[in-house]
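A short worksheet on the structure shown next.
The values are calculated or read from the model by the stated rules, or taken from the named source; none is laboratory data. Just so you know, these numbers come straight off a predicted model, no measurement behind them. In this analysis, Cβ positions are derived from the backbone assuming ideal geometry, glycine residues included, and neighbour counts consider all displayed protein chains.
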Amino acid sequence: MTSQSVAVAGCTVTLLGVMTYRACATPDFVRRWFEGGVSAETLAAAPVIEYDRRDDLQSRWLRAQGAAVGTPPRTYVPGSHDFAAAVRAGLGWGMLPLVQAGEPLAAGDVVFLPGAAVPVPLFWQQWDLRSPLLDRVAHIVVDEARQALDPA
């Protein structure tokens with residue numbers, strides 16, 4: 001599964017759907033870093049959590065807010081569960097998919113920062129080899145993903 005729509009050489013690509021991400025932070029983090037509101041100035045100082053150096057979700061959201069991308073202090077947490085845990089622990093704000101933000105949001109552990117969601121189309125890539133087993137795996141993955149993701 002990937003966000004890359006162009007097939008790798010020797011592979012086929014199938015659109016699965018869209019995963020929607022929202023900027024999230026703990027209420028305490030918001031009180032500390034955004035007391036006067038979320039703005040380009042406050043975003044420049046507020047710590048941000050990123051998955052790794054190739055993760056551009058936070059940068060895309062910052063640009064949409066009119067904020068400088070390179071100025072906020074960053075912490076890299078290269079694990080999906082650990083990334084969400086770091087946001088819930090108040091180490092910084094970060095873009096969480098709605099599937100990960102739902103329970104903490106309902107419990108009041110995180111809040112959405114103002115600003116638009118970032119939709120990320122997801123694709124299934126697999127070797128362009130035909131076999132009943134590979135076809136079955138692909139069918140299961142595509143069906144399950146289309147139930148879990150937003151339509152493209």
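Return the residues of segment 90-131 that are closer than 29 Å to Val142 by Cβ, aliphatic (A, V, I, L, M) and free of Cβ contacts under 8 Å to residues at least 60 places away in the same chain; say none if nothing qualifies. Within segment 90-131, Ala116, Leu129 meet the criteria.
Could you tell me whether segment 109-128 includes any residue that is under 22 Å from Trp33 (Cβ atoms), assigned to a helix (DSSP H, G or I) and modelled with pLDDT of 95 or more? Among the residues of segment 109-128, not one is under 22 Å from Trp33 (Cβ atoms), assigned to a helix (DSSP H, G or I) and modelled with pLDDT of 95 or more, which makes the answer no. Any residue in segment 56-64 that is assigned to a loop (DSSP other than H, G, I, E, B) and within 20 Å of Thr2 (Cβ to Cβ)? There is at least one residue in segment 56-64 that is assigned to a loop (DSSP other than H, G, I, E, B) and within 20 Å of Thr2 (Cβ to Cβ). Criterion applied to Ala45, Ala86 was being within 14 Å of the chain's Cα centre (by Cα) and under 27 Å from Gly108 (Cβ atoms), and the one residue passing it is Ala86. Go through the residues of segment 29-41 one by one and say whether even a single one is polar (S, T, N, Q), within 27 Å of Ala107 (Cβ to Cβ) and at pLDDT 95 or above. No, that holds for no residue. Just to verify a result, which residue in segment 113-142, among those that are under 30 Å from Val87 (Cβ atoms) and not aliphatic (A, V, I, L, M), is farthest from the chain's Cα centre (by Cα)? Across segment 113-142, the extreme among qualifying residues is Gln125. Tyr76 meets each of the listed conditions (1) surrounded by 15 or more Cβ atoms within 10 Å (Cβ to Cβ); (2) over 30 Å from Ile140 (Cβ atoms) apart from (1).
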